[in-house]
Every structure is written in C-alpha cells, then in structure tokens.
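Any read-out appearing in this document is the output of simple, stated calculations on the displayed coordinates, not a laboratory observation. Source: prediction; values computed, not measured. Backbone-built Cβ (ideal geometry, glycine too); neighbour counts: all protein chains shown.
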Amino acid sequence: MGERALPQQRDPPSNPVLLAAKRERLDEPHVARLGVLVREIANGRGRRGSVPFIDPDSGGDRSRVLMILESPGLMADAAGGSGFLSVDNNDETAANAWRTLCEVSLSRLDAMPWNVVPWYLGTTEQRSRSRPRRMSVRAWSGSTGSSS
C-alpha cells in the first residue's frame, strides 16, 4: 500500500476498467483479511456479491478511523453499483462521507467504512414491505490476526 500513491480526491467508479483494477487489488494486505470476512458473510447468506468489499483505496485494516454506517446503499451493491464500500461511489452517502473526511482533515487512507448490517437492504419502499426475520448471529473466527 505504501508504495502506491493513492488518490486523495473522489473518483466515482463509473468506468468498468477502474472497477476491475480495484477488484484486482482485493488481495492487498490492508484489505485481504477484510475480504475474507466479506466473503464469509456473503456465503453465509447464500448471496455472493451481496456484501460489498472494502475499497482498496481506503486505509483498510490500517485505518485510524472506522466509519460505521447502517447498511450499504444500492451503489455499493455488486448487482447495482460498484461492489465496494467506498467514498468514490456515486451516491449521496459516499459524497457525505467524503465531505466529512475533508472537513476533519482526514485522508481516505486514515478511514474505512463499515456497516452495522453489511448487505444492501433495498429501497425504503422495499424495507417497509419486508417482514422482520430472525437472524442467526455467531462470532466470526476468521484469520484477522487479532488475538483475545
């Protein structure tokens, strides 16, 4: 990560070549372990791609700040957007997150977004029509390198 100059401005990922380049970087050390978690959560739901990856242009697990949000928006979902939690996404949440980073003088390398609910929940209308579901929660014991 330190060898590559990462962009310090927003770069909305509308270009498929740029998105493919980000996907190729998912094994970089600062996001690789987080990718394992994303895949495990998505596989547990039986929906590959429904849980967005951490943008490799963020600080990943080296970040000083964890930005906790409710759930990813449509532009973070792989089916409707970039497939990344990113300040680069083309939506108001990403723009607000970017604005906040700028206001508090934080580099994108100092922050990483995450969501309490890590998958896309749908539009407000879809959410209001859905019934509550019982969810199973278990501790993730992946190879994050953390120790108890």
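Close amide H pairs (under 5 Å, H built 1.01 Å from N) link residue 69 with 114, 115, 116, residues at least 5 positions away or on another chain. The alpha carbons of region 18-123 occupy a box of 39, 33, 26 Å along the principal axes, longest dimension given first. For a modelled paramagnetic label at residue 100, 7 Å from Cα along Cα-to-Cβ, the residues of region 70-87 in reach, with backbone nitrogen under 19 Å, are 70-77, 84-87.
With contacts taken as Cα pairs under 8 Å and at least 6 residues apart, region 64-113 reaches a relative contact order of 40 percent.
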